[in-house]
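Below is one structure; the comments refer to it alone.
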Amino acid sequence: SPQWRAKGDQHRTYSFAAASAEEPYRLCVPTAWDGASELPLVMFLHGAGSDENTYLDQNDQLMIRLAEEHGFLLVAPRGDQGAYGNFLRLTAPFGDEQAAADLMAQVTPDSERTNELSEQDVINVLELVLSEYPIDRSAMFLTGHSMGSGGTWYIGGKYPAYWRALAPMSGPFVQESGYPWDGLRSVSILVTEGTQTPSLEASQRLRDWLLENDFDAEYLEVNADHGGMVPLVLPDVIDFFDRSRAGCRPRGCSPGPR
């Protein structure tokens, strides 16, 4: 294909037979890449009501520019029509087991199938990239915002062997019970949140629980609402991935809001 190991910002598709769809994804490969060296990889999962392009094009393509500057291959799947496998939403933040149970009680065979296809789309896209580009398997990172934060928790926990670090943004859509926490003992985590969000208190509880249980975790708050926090934390997320890749990251919680 003329696209084989192409560089730059690319809009791609592949045939996803199980979903009967020509599934889109966005791929951004550093323009300075020499065509042979192993690349670090960042996968981004979008929030509800968005697609694989929305966040990448926002803020004058800040995410793409940061990936280019730091030499990361950036890939963003659509996730088909679902939430990447995670059924939790803002009404079930960390620490509210009953609200989580109430949401899970609403799962139907159709919604379960939708989420299965969404999860599979993420893994399909990741494996397509891994089969085409020389990726540094020790430097693969997963991040996402809101619904994509839930996907980061779900995909990160279910497939920890892929990831060096996770960075869920404004979405503590995970619970203490029933989650495969032990698989993340070798994975670094950066939780980011806005001070004007409905999930702030839950993210703070999650921060405290992660540190009390000796996970390799950091936490960052910024003075913003749910959507406005994204451009403020993106530079920190990419820097966190850089530090994780270099193996020089200190453990522990970074100080309060800024």
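A few points about this structure:
- Candidates D34, D216, D136: whichever shows maximal mean-square fluctuation once the chain is modelled as a Gaussian network with Cα springs under 10 Å: D34
- Heavy-atom accessible surface of the chain: percent carbon and sulfur, 1.4 Å: 49
- Listed by number, the DSSP H helices of the chain that run 20 Å or longer by alpha-carbon position along their axis and have mean Kyte hydropathy of at least -1.0 are 54-70, 109-132, 229-246.
- Selected from E68, E132, E38 as most flexible by GNM, with the chain as the system and alpha-carbon contacts under 10 Å: E132
- Segment 9-63-segment 83-151 distance, computed between alpha-carbon centres (Å): 16
- Taking the average, over residues, of other Cβ atoms within 10 Å as the packing measure, peptides 196-203, 163-170, 21-28 rank 163-170, 21-28, 196-203 from highest down.
- Cut-off 15 Å between beta-carbons: net charge of the residues surrounding G178, Lys and Arg +1, Asp and Glu -1: -4
- Using C-alpha pairs below 8 Å separated by at least 6 residues, the relative contact order for segment 1-150 is 32 percent.
- DSSP beta bridges fully contained in the chain are about 35 percent antiparallel.
- Around Q3: net Lys/Arg minus Asp/Glu count, Cβ-Cβ under 10 Å: +1
- In terms of the mean number of neighbouring beta-carbon atoms within 10 Å, the peptides 43-53, 140-150 order highest first as 140-150, 43-53.
- Calculated Rg and Dmax of the Cα atoms in Å (choose from (i) 18.6, 57; (ii) 17.3, 52; (iii) 18.6, 62), label: (ii)
The values are calculated or read from the model by the stated rules, or taken from the named source; none is laboratory data. Please read these numbers as outputs of a predicted model, since none were measured by experiment. In this analysis, Cβ positions are derived from the backbone assuming ideal geometry, glycine residues included, and neighbour counts consider all displayed protein chains. Just the protein is used for accessible areas: all its heavy atoms, side chains included, with ligands, DNA and RNA removed. Shrake-Rupley method; radii C 1.70, N 1.55, O 1.52, S 1.80 Å.
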